[in-house]
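The values are calculated or read from the model by the stated rules, or taken from the named source; none is laboratory data. Worth saying up front: this structure is predicted, and the values here are computed from it rather than measured. Cβ placement follows ideal geometry from the backbone for every residue including glycine, while neighbour counts extend to all protein chains displayed. These area figures cover heavy atoms from the full protein model, side chains too; ligands, DNA and RNA do not enter into them. Shrake-Rupley method; radii C 1.70, N 1.55, O 1.52, S 1.80 Å.
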Amino acid sequence: MTQPPGLRRAMGGFDATTVGVGAMIGAGAFVVFAPAGASAGALLPLAVVIAGLVAYCNAAATASLAVRYPSSGGTYVYGREQLGPWPGFLAGWGFVTGKLASCAAMALTFGLYSAPGAEKAAAVAAVVGLTGVNLLGVTRTALATRIIVSLVVPVLAFVVVVAITAPAAPSGSGSGGTGGVGGVLQAAALLFFAFAGYARIATMGEEVREPRRNIPRAIFGALGFTLVLYLLLALSLLHALGPEALAASTAPLRDVVDAGSPGGAAGVLDTVVVLAAALASLGALLALIAGVGRTSLAMARTGDLPSMLSRVSTRFAVPWAADVATAAVVVVLLLATDVLTVVGFSSFGVLVYYAIANVSAFTLTDRQWYAPRWLNAVGAAACLVLAFTLPAASVLTMLAVLAVGVAVRAVVLARRRRRA
């Protein structure tokens, strides 16, 4: 029996790191600081640190599992191999559904920055265009992400400098946020939406050269760089805007530049920030489409999604059917829903995904130095705690989506048994 075509190991360590960074900064820098600030207030930097520590636990688990199973699918594959088909399915279903919503959110973020008034049309165009880039092969995806990251990071560094050197916000602006332990944990859970990009490296593990060496380095490199950047952004935004103004802002980075730039320069710099936001959103969307496609490919290979999604292009070695299906679902979401409300929904799905990753890593007999068992236990518990501190609507919606997936799979398995 001939094996279906596989994916090509075309990415080195630098490209894999860049894909991870590109997947994170679009979500974190331009989308999540305001809602996280509304929860944590002046304690936003603490929430960033907590989210970063949980992300490290998850990164360590993901890296050790990716060394053991360097194939497409990420925790869907790890859960199946280490825990069984049902935990694997739950991880994969949570990832795919949550990240489809994230794709729509990133596309609409691009549209809101680049074409106000015609944001949905711009968002659909971005999804179609970036799906085309993905279909040309993973090296095109990595090159496009590298270009985007090289343009966006200097702009973010400039915003940090402007914010830090700006006059401090009035001390009477209040502490902001809901405050307390609950507010900080909810903010950390929301910020986790912005730290999940390194998973893209693992879900694309079948396309990374020397995976035992390059995947862990890429995961930790992307996470470390992004954590430092987010912490600097949180501190500088609080300094320049104050907790209440940050929580109320729809575009805090643009507000900082407008406030800290002299008259004529403000318009030019505002344009630069808008372009950076649009590019960062495109970078995150590009990596998201690739990650969802690879997980869908893995699920289709084992029969947990329709088998047609397992088709791989023989010319470009990409899962073209899964990528096209991902784009089609995202376009439907864009046209039918208000997708900017999905940050909490996506965070819950991804936290469940990583809880399963940590439990899977806990069962490994071949231990990596950076992932001791106690860290896996802490990571699993922390993911579940953060997941259930999210807004109730997000938790209930995602629980319903997970339940639907479980019910459909149970019905399909029962029919297969009857036919056997």
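State all residues of segment 297-331 that are in a helix (DSSP H, G or I), among the hydroxyl-bearing types (Ser, Thr, Tyr) and open to solvent by less than 30 Å² (accessible area, probe 1.4 Å); if no residue qualifies, say none. Write out each step before concluding.
Initially, segment 297-331 is screened for residues in a helix (DSSP H, G or I), giving 297-301, 307-310, 320-331.
Subset that is among the hydroxyl-bearing types (Ser, Thr, Tyr): 307, 310, 326.
Within segment 297-331, just Thr326 meets the criteria.
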Applying the selection to segment 68-88, what residues are in a helix (DSSP H, G or I), open to solvent by 10 Å² or more (accessible area, probe 1.4 Å) and in contact with a helix residue (DSSP H, G or I) (Cβ under 7 Å, 6 or more places away or on another chain)?
Val77, Arg80, Gln82, Pro87
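For the subset of segment 156-198 comprising residues that are among the polar types (S, T, N, Q), touching a helix residue (DSSP H, G or I) at 6+ places or on another chain (Cβ under 8 Å) and assigned to a helix (DSSP H, G or I), which member is modelled with the lowest pLDDT? Before you say what the answer is, go through the steps one by one.
Quick first cut of segment 156-198, residues among the polar types (S, T, N, Q) only: 165, 171, 173, 175, 178, 186.
Adding the requirement that they be touching a helix residue (DSSP H, G or I) at 6+ places or on another chain (Cβ under 8 Å) leaves 165, 173, 175, 178, 186.
Cutting the leftovers down to assigned to a helix (DSSP H, G or I) gives us 165, 173, 186.
Values: Thr165: 87, Ser173: 50, Gln186: 90.
The selected residue is Ser173.
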Please determine whether any residue of segment 38-48 is under 30 Å from Val406 (Cα atoms) and either at pLDDT 85 or above or surrounded by fewer than 24 Cβ atoms within 10 Å (Cβ to Cβ) (or both).
no
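What residue, of Arg294, Arg254, is of a type outside the set (Gly, Ala, Ser) and open to solvent by 30 Å² or more (accessible area, probe 1.4 Å)?
Numbers: Arg294 fails: open to solvent by 30 Å² or more (accessible area, probe 1.4 Å).
Sole residue among the options that is of a type outside the set (Gly, Ala, Ser) and open to solvent by 30 Å² or more (accessible area, probe 1.4 Å): Arg254.
Can we say Val342 is at pLDDT 90 or above, β-branched (Val, Ile, Thr) and under 24 Å from Val21 (Cα atoms)? Break it down stepwise before answering.
On the way: at pLDDT 90 or above: no; β-branched (Val, Ile, Thr): yes; under 24 Å from Val21 (Cα atoms): yes.
Taking the combined requirement at face value, the residue does not satisfy it.
Residue by residue through segment 55-73, note down the ones that are out of contact with any Asp or Glu (no Cβ under 9 Å at 6 or more places or on another chain) and farther than 13 Å from Val352 by Cβ.
From segment 55-73, those out of contact with any Asp or Glu (no Cβ under 9 Å at 6 or more places or on another chain) are 55-63, 66; that's our starting set.
Matches in segment 55-73: Ala55, Tyr56, Cys57, Ala59, Ala60, Ala61, Thr62, Ala63, Ala66.
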Pairs only if they're at least six apart or on different chains, beta carbon under 6 angstrom, first in segment 374-397 and farther than 17 Å from Gly180 by Cβ, second open to solvent by 10 Å² or more (accessible area, probe 1.4 Å) and at pLDDT below 90; list them, first residue then second.
Ser394/Phe345; Thr397/Phe345
Within the set of pairs 6+ apart or on separate chains, which have a first residue in segment 143-171 that is in contact (Cβ under 8 Å) with a residue 24 or more places away in the chain and within 19 Å of Ala277 (Cβ to Cβ), a second that is among the β-branched types (Val, Ile, Thr) and open to solvent by 20 Å² or more (accessible area, probe 1.4 Å), and C-beta atoms under 7 Å apart?
Ala144/Val133; Val155/Val272
Taking the condition of being part of a helix (DSSP H, G or I), open to solvent by less than 60 Å² (accessible area, probe 1.4 Å) and within 17 Å of Ile50 (Cα to Cα), how many residues in segment 361-417 meet it?
10
